[in-house]
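Worksheet: the structure to be examined is printed underneath.
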Amino acid sequence: MAHAGLKGYCTGLMLPLSRKSVEPMAAHVDPLKVSSRHQSLHHFVADANWSDEQMLLRVCQWVVPLMDFSGGGWWIIDDTGFPKQGRHSVGVARQYCGMLGKQDNCQVAVSVSLASLAASLPVAWQLYLPREWADDPARRDKAGVPEALEFATKPAMALQQIEHLINQGAPQHCVLADAGYGVDTAFRDRLTELGLRYAVGVTGSVTVWPPGREPLPPRASVPRGHVGTRLRRGGPQSPQHNPLSVKTLALSLEPKQWQTVTWREGTNADLQSRFARVRVRAAHRDNLRDELRPPEWLLIEWPEGDAEPLKYWLSTLPEEVSLQRMVFETKMRWRIE
């Protein structure tokens, strides 16, 4: 019965229907028995005892052995929005929907995909529960949201998924993600703690310490006679002891630091753009730290003819990695698209 429900539901999801609820699915999957098929599909979706985690695991067992990782492997983190009307489906809210490219009523799922040069496969997938849902007991109870499920940010959800995969013995591939995840310093720090390299997007406002700039050392003494331990910013009087935004740093680079890089063949032409990179240290809240963060790469894309840089990434790929390879790996995030 569960197999029949799964087959019918998946068939309905793949049909070109404007609405993917069970009633129109039933009408198209079994037009002569709409009522009974609607009832069976509704039971499968609402009440059937099946594990999405086990289903994803089974798919992985089928597919991963056929994937070729000789050219590298990557963990790609992303969120996917599904346009959804109404307010009763779990997690539906007015939020950014990538499918529409704007804020709208939708559900959002956070996923981790395993990618190789030629293929990608979702291996973890979880519905995002906005705070307005998480903090509404009546709404949660009516929709059947488990009591143990609490609000978590998308970066926190992605880290939980990655940690679970690593604990299961998954390989330690480089992690790729867009700026929605990359701007979260705790997210990047935790990936490093897990032994994972990353190449993640950031916004132009993220601050870093480029070569030649560093914070002031801790004060020799502070009130009550204690010895200072925290790094300090220089303020207006000492600009060399203040970090720079990555956009400001990008605009200050010399023309010779920019190179045109081709990273792969596109449908109609080679994909190429202009890039520069600099070794930097992340500066977020380092006035609460007693030592600088380790150096990493800042990669910048500024297409020829554009008025300003287009994209920025922070990466812990090896210091000796070539610019060509760095761009290639960073751009692998689009493998899942």
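The values are calculated or read from the model by the stated rules, or taken from the named source; none is laboratory data. What you are looking at is a predicted structure, and each value in this text was computed from that prediction instead of being measured. In this analysis, Cβ positions are derived from the backbone assuming ideal geometry, glycine residues included, and neighbour counts consider all displayed protein chains. Calculation scope for accessible area: heavy atoms of the full protein, side chains included, ligands and nucleic acids excluded. Shrake-Rupley method; radii C 1.70, N 1.55, O 1.52, S 1.80 Å.
Overview of results
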read-out	value
Per-residue SASA entry for LYS20, accessible area with 1.4 Å probe, Å² rounded to 10	80
Cα-based helix-to-principal-axis angle, 2-14 vs the chain, degrees rounded to 10	60
Within the accessible area of segment 159-302 (1.4 Å probe), percent carbon and sulfur	47
Contact order relative to length of the chain, as percent, for alpha carbon pairs under 8 angstrom and 6 or more apart	12
Extension reserve of the ALA118-ASN167 stretch, reckoned as 0.36 nm per residue once the Cα distance is removed	15.0 nm
Assigned charges on the beta-carbon of Lys, Arg, Asp, Glu; the chain dipole about Cα centre (debye)	580
Cβ-isolated cysteines (cut-off 4.7 Å), the chain	CYS10, CYS60, CYS174
Net +/- balance of residues flanking ALA177 in space, Cβ distance below 9 Å, scoring K and R +1, D and E -1	-1
In sequence order, calculated HN-Hα J values of segment 81-90 (Karplus, 6.51, -1.76, 1.60; Hz; x Gly/Pro)	x, 10, x, 8, 7, x, 9, 9, 5, 4
Heavy atoms of ASP47 accessible to a 1.4 Å probe, total area in Å² rounded to 10	100
1.4 Å probe accessible area per residue over segment 118-174, in Å²	57
Heavy-atom SASA rank of LYS331, LYS7, LYS102 (probe 1.4 Å, accessible area, largest first)	LYS7, LYS102, LYS331
Other-chain or far-sequence residues with amide H under 5 Å of LEU310's (modelled H)	GLU301, TRP302
Sequence of HIS3, HIS38 from largest to smallest accessible area, 1.4 Å probe	HIS3, HIS38
Selection from PRO137, GLN39, MET67, by position along the positive dipole direction of segment 29-156 (Cβ)	GLN39
Label-point separation in nm, SER70 to SER245, each point 7 Å along Cα→Cβ	4.7
Helix axis angle, 34-46 relative to the chain longest principal axis, alpha carbon, degrees	40
Solvent-accessible ranking of LEU288, LEU298, largest area first, probe 1.4 Å	LEU288, LEU298
Relative contact order (%) - criterion: Cα under 8 Å, at least six apart; region: segment 1-124	19
Among SER322, ALA307, PHE275 - extreme Cα towards positive end, dipole of segment 266-337, charges at beta-carbon	SER322
Whole-percent carbon and sulfur share, accessible surface of segment 51-154, 1.4 Å	54
Gyration tensor verdict on segment 174-319 (Cα atoms; rounded if a/c is under 1.5, prolate if a/b is larger than b/c, oblate otherwise)	prolate
Label point 7 Å beyond Cα of ASN49 along Cβ direction - residues of segment 126-157 with amide nitrogen under 20 Å	144-148
Computed accessible area, VAL321, all protein chains, 1.4 angstrom probe, square angstrom	20
Segment LEU271-GLU319, extension gain: residue separation times 0.36 nm, minus the distance between their alpha carbons	14.8 nm
